[in-house]
Every structure is written in C-alpha cells, then in structure tokens.
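Engineer: One structure is given below, represented as structure tokens, and several questions about it will come after.
The values are calculated or read from the model by the stated rules, or taken from the named source; none is laboratory data. Since this is a predicted model, take the numbers as computed values, not measurements. Cβ placement follows ideal geometry from the backbone for every residue including glycine, while neighbour counts extend to all protein chains displayed.
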Amino acid sequence: MKTKLKKTMALTAAVTASAALLVAAGTGSASAQTARTPQRCHTTDLKASLHADGNQAGVGNFGENLALTNTSHQTCTVYGYPGLGLQNGRHTVLPIKVIWGSTYFAADPGRHTVTLKPGQSAWADLAWHAPYGVKSVTPSYLEVTPPDETTHLTIGFAVGAIDDDNLHVTALAAHLPVE
C-alpha cells in the first residue's frame, strides 16, 4: 500500500511540475494567455483632442477628426463608438442626438478592436450641420466618453451653432478617417 501511495504522490508531483512549466511557457493555461491580452482603455488612460484638417466643410456640413490618445504606460484597446455630449459655456449639458455611422466626410469603419500602445491614437470622424432651421444649440465644450466607460473627458468645442442638435460620429479606427 505504501508503494502505491508513493507512486501516486510522485505522479501527482510530476503532473503538477509539468503543468507549471506549461503555464510558465504560456501554452497550457487560458489565464496565461489572458495575461498577454491588453485590457480595454479606461477614461483615465486617454486624452481626447480634435484635429481640423481643412477638408471637412461642404454644403452646410462641417467636421473634425476626434482622437483618443493612450496616455498610460501600458497597451490598451478601444472597441466601437465614442459617446458624445455637448455643454455650453457654463458647462450645462445641452440636448444632443448622437448618430453612429458614416458622416458626410468619412465612411464608417464599423466596430472593431483598436490596440493602442502608449502614445498612439484611435480616430473617429465627427460631423455636424450648420444651422438652417430654428432648432439649434451653441456648444462650448464636447464631452467624449470612451467606449464601455461611464465617465467622460471634456474638451473645448466652440464651433458655433449646430443645427437639429445632431452630431454624427464614426467608429474608432487606427488611422485618420479623413486626411
């Protein structure tokens, strides 16, 4: 009986050691694989900015490129569309309808994962209409909520009046939507 117990203990020790080697090598465990997959970017990892390229104006439509830049020291990912909101000069929230998809200036790349190394940016095209009706808002600030986050970044957005309270935005991509 003692011999059988010793063999069982030796076999258990060998299996445990082999499993530990596989995990250390990154081939035997889902948790080891997950450790290498970058986490999603959180609001505190990102900086929002707008970049006018001079080519986004036509027939009462205007736009700018929106960048979310990884300011952390780790690689992270974003997936999908940024949330948007408007504020006036007193930081009071203004009524706005955000429309996800293609804009007047750029085709929507659709939802996909964008991996951001430190210092890299994910880009979306942001577009709006100049007022031609009675319903409009005049923002001073833009709220940008990264995908899957509940807190936002606030940046200056003094673009004059926006008609119909609509902002159009594409999904985030690894490249500029309009150059």
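Engineer: Does the stretch 137-148 contain at least one residue that is touching a Leu at 6+ places or on another chain (Cβ under 8 Å), within 21 Å of residue 172 (Cα to Cα) and of a type in the set (Asp, Glu)?
Structural biologist: yes
Engineer: Would you please name the residue that is nearest to residue 62 (Cα to Cα), looking only at residues in the stretch 146-158 that are out of contact with any Gly (no Cβ under 6 Å at 6 or more places or on another chain) and buried (at least 19 other Cβ atoms within 10 Å of the Cβ)? Steps first, answer last, please.
Structural biologist: Going residue by residue through the stretch 146-158, those that are out of contact with any Gly (no Cβ under 6 Å at 6 or more places or on another chain) are 146, 148-158.
Subsequent filtering for residues that are buried (at least 19 other Cβ atoms within 10 Å of the Cβ) retains 146, 149, 157.
On the way: 146: 22, 149: 27, 157: 13 Å.
In this case the residue turns out to be 157.
Engineer: Can you tell me which residues in the stretch 94-145 are surrounded by 14 or more Cβ atoms within 10 Å (Cβ to Cβ) and of a type in the set (Gly, Ala, Ser)?
Structural biologist: 102, 106, 121, 122, 124, 127, 130, 136, 140
Engineer: Also: Has the stretch 31-47 got at least one residue that is part of a loop (DSSP other than H, G, I, E, B), modelled with pLDDT under 95 and either of a type outside the set (Asp, Glu) or closer than 30 Å to residue 136 by Cβ (or both)?
Structural biologist: Within the stretch 31-47, the first condition is being part of a loop (DSSP other than H, G, I, E, B), and the residues that meet it are 37-38, 41-42.
The next check asks that each one be modelled with pLDDT under 95; those that pass are 37-38.
In the following step, the residues that additionally are either of a type outside the set (Asp, Glu) or closer than 30 Å to residue 136 by Cβ (or both) were identified as 37-38.
Yes, because at least one residue in the stretch 31-47 is part of a loop (DSSP other than H, G, I, E, B), modelled with pLDDT under 95 and either of a type outside the set (Asp, Glu) or closer than 30 Å to residue 136 by Cβ (or both).
Engineer: Let me ask you something else. Going through the stretch 48-58 one residue at a time, which ones are in contact (Cβ under 8 Å) with a residue 24 or more places away in the chain and assigned to a loop (DSSP other than H, G, I, E, B)?
Structural biologist: Of everything in the stretch 48-58, those that are in contact (Cβ under 8 Å) with a residue 24 or more places away in the chain and assigned to a loop (DSSP other than H, G, I, E, B) turn out to be 53, 55, 56.
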